[in-house]
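Data first, discussion second: the structure below is written as structure tokens.
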Amino acid sequence: MISVTSLGIISILTTNDYLVITTIATVTGMLNILLLAKGKILNYFFAFINNLTYAYVCYNQGIYGQFLLFTFFFFPMQFYGLYTWTKPQNTSENNDIITKSLSVKQRTYLTIAIIIATYIYGTFILKGYFNQQVGLIADSLTGVVSVVAIILMVKAYIEQWVLWIIINTLSTIIWLQQYFSGTGEGIAFLAMWLIYLLNALYGYINWIKLKKID
């Protein structure tokens, strides 16, 4: 969900290249996150289209990291997510997903795992392999947390929204700073991350309600 429609929105606002594809990526991305927040299985239909169109644009723009992530991780995870969400024991009578919550012990273990994975990813891959120096901690943390959030989403855990809120808040602050620094495209990214943040807050509240109903 994170960055799924970012390139689409910015391309529409700044260039005519891949206009049709980026428009499809943007629209399906917004529908995906809205339906996900409502706990609707239909979100996967739009996720399939969104992941493929976004990956296509990334490949043509030379953003190969995002291309690999969405092609070989996010897209395959949608199949597993759809399979999991459509199991009779995981859906309500209204065909909504039955949400779950992690235990205190699971949250503790998950937090420790995120810290360790962030260190390994940042030190040995981003810095060691790509020799990245700028924004190392932020990039590493965002990448790891995004992957964890996707896994929790597939498993229908409420805590996924906490992770999305953290990521979207940080991203909103970053682009707010960019906007005030005079970056031309800052306002477009800022608007996108604000929408994601509001949706994450809505998703968190709505999934808690769904859990109480279940």
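Just so you know, all these numbers are worked out from the coordinates, no wet-lab data involved. From a predicted model like this one, the values you see are computed outputs, not experimental measurements. Cβ atoms come from the backbone with ideal geometry, glycine included; neighbour counts cover every protein chain shown.
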All lysines inside 27 Å of Lys127 as judged from Cα atoms, apart from same-chain residues fewer than 8 positions distant: none
Reachable lysines from Lys155, criterion Cα separation under 26 angstrom, eight or more residues apart if same chain: Lys38, Lys40, Lys87, Lys100, Lys105, Lys209, Lys211, Lys212
Ranked list, fewest to most other Cβ atoms within 10 Å of each Cβ, for Leu42, Leu34: Leu42, Leu34
